[in-house]
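A.B. asks: Questions regarding the structure given below will be posed in turn.
The values are calculated or read from the model by the stated rules, or taken from the named source; none is laboratory data. Keep in mind the model is a prediction, meaning the values are calculated, not measured. All Cβ positions, glycine included, derive from the backbone under ideal geometry; neighbour counts span all protein chains shown.
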Amino acid sequence: MAKKTAGMSGKKAVSRPATKKTAARPPAKTVKRSTKRVAKKGKATADKSASAPRSTRPVAAGPSAKARALDLLQWVHGMTNLLIDGVPESASTFQTSPADNHVLWNIGHLATSYAWFTSLINGRAVELPEGYMQLFGYQSKPNPDRSVYPPLEEVRRAYSAAFKQLASTVESQSDAELAMPTKTDSGGFAKDRLDAIYKAAWHDGWHGGQISTIRRALALPSVM
């Protein structure tokens with residue numbers, strides 16, 4: 001009788017597929033050492049930051065609310081002066097249409113406006129030459145007849161003097177005072193004294209735009 005040999009029982013041997021090798025992992029000791037090294041480095045950085053001397057130099061403060069408002073007012077006024085410069089006396093009442101506000105009226109009107117803005121801040125309006133409110137004040141109308149107005153240079157002197165008084169009035173106020181209500185009734189035009197300064201700057205720009213249009217019609221050089 002034949003002997004049975006191993007592996008010859010009649011069943012086929014099944015081969016198992018080769019398994020993928022897993023990524024090699026560093027030994028546990030290496031991981032621990034690496035973690036300790038990072039923690040030690042982080043602690044050293046923190047200790048260094050904590051022990052670093054801090055600057056005691058004071059941080060420079062920005063300009064005050066008053067300084068910013070006054071700077072804007074003076075800048076816009078300077079631009080208005082550039083627009084007025086070069087307009088001859090003969091063209092001071094020139095209008096491209098009856099709806100235009102001529103240069104002479106704009107200058108006189110700004111003088112009366114500076115007087116009013118000053119009163120909003122300190123309660124006292126700037127004193128202007130006689131008749132200026134009638135010629136240049138609120139709801140007045142520009143007249144193309146130059147003979148009804150004072151000379152251009154005279155009106156410009158009153159305009160400059162009124163602005164200087166407005167600027168000096170602003171200078172005399174503290175930031176706390178400028179945050180207070182206007183001294184006289186603005187009719188809803190300004191919320192407080194500081195707002196009155198910003199509105200004065202806006203008003204200058206409004207009339208500066210009208211003068212710019214007249215300059216363009218007179219073929220005068222651009223100021224910008």
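A.B. asks: Say whether the condition of being part of a helix (DSSP H, G or I) and free of Cβ contacts under 8 Å to residues at least 60 places away in the same chain is met by at least one residue in the stretch 92-104.
C.D. replies: Filtering the stretch 92-104 down to residues part of a helix (DSSP H, G or I) leaves 103-104.
Filter again for free of Cβ contacts under 8 Å to residues at least 60 places away in the same chain, leaving 104.
Yes - at least one qualifying residue is present in the stretch 92-104.
A.B. asks: Right, ALA60: modelled with pLDDT under 55 and part of a loop (DSSP other than H, G, I, E, B) or not? Lay out the reasoning, then the answer.
C.D. replies: Working: modelled with pLDDT under 55: yes; part of a loop (DSSP other than H, G, I, E, B): yes.
Criteria met by ALA60.
A.B. asks: For the condition touching a residue at least 24 places away in the same chain (Cβ under 8 Å), farther than 23 Å from ALA67 by Cβ and within 25 Å of the chain's Cα centre (by Cα), what is the one hit in ILE211, ILE121?
C.D. replies: When all the criteria are applied, what remains is ILE211.
A.B. asks: Another one. For the stretch 144-155, name all the residues that are surrounded by 20 or more Cβ atoms within 10 Å (Cβ to Cβ) and either modelled with pLDDT under 95 or in contact with an Asp or Glu (Cβ under 8 Å, 6 or more places away or on another chain) (or both). Don't jump to the end; show me each part of the working.
C.D. replies: The initial filter retains those residues of the stretch 144-155 that are surrounded by 20 or more Cβ atoms within 10 Å (Cβ to Cβ), namely 149, 152, 155.
Selection gives LEU152 alone.
Rundown of residues vs (1) of a type in the set (S, T, N, Q); (2) within 25 Å of TYR138 (Cα to Cα), yes/no style:
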position: SER186; (1), (2): yes, yes
position: PHE189; (1), (2): no, yes
position: ASP192; (1), (2): no, yes
position: ALA196; (1), (2): no, yes
position: GLY205; (1), (2): no, yes
position: GLY208; (1), (2): no, yes
position: THR213; (1), (2): yes, yes
position: LEU218; (1), (2): no, no
position: SER222; (1), (2): yes, no
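A.B. asks: Which pairs turn up if I take residues in the stretch 185-208 that are assigned to a helix (DSSP H, G or I) and look for partners that are acidic (Asp, Glu) and surrounded by fewer than 19 Cβ atoms within 10 Å (Cβ to Cβ) with beta carbon separation below 7 Å, at least 6 apart in sequence or on another chain?
C.D. replies: Cβ pairs passing all conditions: ARG193/GLU177.
A.B. asks: Could we say that ALA158 is within 22 Å of ASP85 (Cβ to Cβ), out of contact with any Cys (no Cβ under 7 Å at 6 or more places or on another chain), crowded, with 19+ Cβ neighbours inside 10 Å and of a type in the set (A, V, I, L, M) here? Outline the logic, then answer.
C.D. replies: Working: within 22 Å of ASP85 (Cβ to Cβ): yes; out of contact with any Cys (no Cβ under 7 Å at 6 or more places or on another chain): yes; crowded, with 19+ Cβ neighbours inside 10 Å: yes; of a type in the set (A, V, I, L, M): yes.
Yes.
A.B. asks: Answer yes if at least one residue in the stretch 124-143 is buried (at least 16 other Cβ atoms within 10 Å of the Cβ), touching a residue at least 40 places away in the same chain (Cβ under 8 Å) and not in a loop (DSSP other than H, G, I, E, B), and no otherwise.
C.D. replies: No, the conditions are met nowhere in the stretch 124-143.
A.B. asks: Could I ask something else about it? Give the residues of the stretch 96-106 that are farther than 8 Å from PHE136 by Cβ and crowded, with 23+ Cβ neighbours inside 10 Å, sorted by residue number.
C.D. replies: Correct list: VAL103, LEU104, ASN106.
A.B. asks: If you scan the stretch 165-181, which residues turn out to be in contact (Cβ under 8 Å) with a residue 40 or more places away in the chain and surrounded by fewer than 20 Cβ atoms within 10 Å (Cβ to Cβ)? Talk me through it step by step, then tell me what you get.
C.D. replies: First pass over the stretch 165-181, keeping only residues in contact (Cβ under 8 Å) with a residue 40 or more places away in the chain: 165-167, 169-175, 178-179.
Selection gives GLN165, ALA167, GLU171, SER172, GLN173, SER174, ASP175, ALA179.
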